[in-house]
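Okay, so here's the structure we're looking at.
Derivation of every value follows stated rules applied to the coordinates shown; laboratory data play no part. What you see is a predicted model, and the numbers here were worked out from it, not measured in a lab. In this analysis, Cβ positions are derived from the backbone assuming ideal geometry, glycine residues included, and neighbour counts consider all displayed protein chains.
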Amino acid sequence: MRVYLPPDANCLLSVIDHCLRSRQYVNVVVAGKHPAPQWLTMDAAIKHCTEGIGIWQWASNDQGGAPDAVMACCGDVPTLETLAAVSILREHLPELKLRVVNVVDLMKLQPQSEHPHGLSDADFDTLFTRDKPVIFAFHAYPWLIHRLTYRRTNHDNIHVRGYKEEGTITTPFDMTVMNDLDRFHLAMDTIDRIPRITEKGAYLKQTLKDKLVEHGQYIRKEGRDLPEIRDWKWKS
């Protein structure tokens, strides 16, 4: 069995094509029904989905050294919120070195001994490091990621944000807020887990907490998300 969570339309098309061509597998593809940003070209999406997991170099800034934290994501909404969190952190704390890892094939997280698609321990450590904090945004229940990675060297540093059985009739972004999966919570999680920027990060954390209050007030008055949320785009 293989479980895929494509982050954008090109990845979805690539995954579906791959699944239709495969044999002797049960393929499960989890995809959203709303319009979403396009992160990859078709050629890049084919490569990424074929590999099933990888560093998004264009969103990372740890080239040439070890990252301060790994921002991992799996699924379309978690990918969007992770990239938005990364953009906030890089704007306000430019000294931070962040690595963005996107997961399409969940089975990559397991050891090779458990699944043929699983990464070796060496490859897993190369992506997620052996000792740095990993903030992992996931489209479903957080415990699944922990179960898939519990044998990995850096498991104790993997902090997963996902679905917590919280939800109601509300705005799309508010659903992420209710489950601590939004960009503001992800950015605050990252600050909390990097000791060297705790003091400077305190001011950014206060700003993010204020944004959450502003968000709550706005959606209750206007019935839709803040313009800066609705219209957000990645700036290279």
Handout entry: Estimated inter-spin distance, residue 222 and residue 196, nm [label 7 Å along Cα→Cβ]
Key = 3.8 nm
Completion exercise
On the formula 1/(1 + (r/R0)^6), with r taken between the Cβ atoms of residue 168 and residue 130 and R0 of 35 Å, the FRET efficiency rounded to 0.05 is 0.30
Practice task
Return the calculated 222 nm mean residue ellipticity for the chain, to the nearest 500 deg cm²/dmol, obtained by summing -39500 (n - 2.57) across DSSP H runs with n ≥ 4 and dividing by the residue count.
Solution key: -13000 deg cm²/dmol
Exercise for the section: Rounded to the nearest Å, what's the spacing between the alpha carbon centres of region 37-57 and region 165-228? Just the number, please. Expected result: 27 Å
Handout entry: Point-charge dipole on Cβ atoms (K/R +1, D/E -1) for the chain, about Cα centre, debye to 20
Key = 140 debye
Handout entry: Cα coordinate range in region 69-165, projected on the principal axes (Å, largest first)
Key = 42, 31, 20
Completion exercise
Per the C-alpha gyration tensor (a ≥ b ≥ c, the square roots of its eigenvalues), region 7-110 is rounded if a/c is under 1.5, else prolate if a/b beats b/c, else oblate; here it's prolate
Completion exercise
The summed charge of the residue 83 Cβ neighbourhood (under 12 Å; Lys/Arg +1, Asp/Glu -1) stands at +1
Problem - Global geometry of region 146-236, whether rounded, prolate or oblate, following the gyration tensor of its Cα atoms and the 1.5 cut on a/c - result: oblate
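Please order 233, 164 by the number of other Cβ within 10 Å, starting at the fewest.
On the way: 233 9, 164 12.
Lowest to highest Cβ neighbour count: 233, 164.
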Exercise for the section: Calculate how steeply helix 76-92 sits against the longest principal axis of the alpha-carbon atoms of the chain, using the helix alpha-carbon long axis, and give the answer as 0 to 90 degrees to the nearest 10. Expected result: 50 degrees
Problem - Folded to 0 to 90 degrees: helix 9-21 orientation relative to the chain principal axis, Cα - result: 20 degrees
Handout entry: Lysine pairs meeting the criterion (Cα under 21 Å, 8 or more apart or interchain), as found in the chain
Key = 18
Handout entry: Highest to lowest packing among 110-123, 42-55, scored as the average C-beta count within 10 Å
Key = 42-55, 110-123
Exercise for the section: Rank the residues 143, 56 as a footprinting-exposure proxy: fewest other Cβ atoms within 10 Å of their Cβ go first. Expected result: 143, 56
Practice task
Work from the charge dipole of region 158-236 (Cβ charges, +1 for Lys and Arg, -1 for Asp and Glu, about the Cα centre) and give the residue of 217, 160, 172 farthest towards its positive end.
Solution key: 160
Problem - Helix 183-192 axis, angle to the chain major axis (alpha carbon atoms, nearest 10°) - result: 90 degrees
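With +1 on each Lys and Arg Cβ and -1 on each Asp and Glu Cβ, how big is the dipole of region 101-226 about its Cα centre, in debye rounded to the nearest 20? Kindly include the intermediate steps, with their values, before the conclusion.
Numbers: 18 positive and 19 negative charges, 46 e Å.
Once rounded to the nearest 20, the dipole reads 220 debye.
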Problem - Rounded if a/c under 1.5, otherwise prolate or oblate - region 109-183, Cα gyration tensor axes - result: prolate
Exercise for the section: Could you rank the peptides 219-231, 64-76 by their average count of other C-beta atoms within 10 Å per residue, with the highest value first? Expected result: 64-76, 219-231
Completion exercise
Karplus-derived 3J(HN,Hα) from phi for region 65-74 (6.51 cos²θ - 1.76 cosθ + 1.60, θ = phi - 60°), whole Hz, x at Gly and Pro, runs x, 6, x, 6, 7, 10, 9, 9, 8, 8
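Dipole magnitude of region 1-96 about its Cα centre, charges +1 at Lys/Arg Cβ and -1 at Asp/Glu Cβ only, in debye to the nearest 20? Display every interim value, and only then the final one.
Values: 6 positive and 10 negative charges, 110 e Å.
It works out to roughly 520 debye.
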Handout entry: Rotationally averaged projected area of region 52-230 (alpha carbon convex hull; nm²)
Key = 10.2 nm²
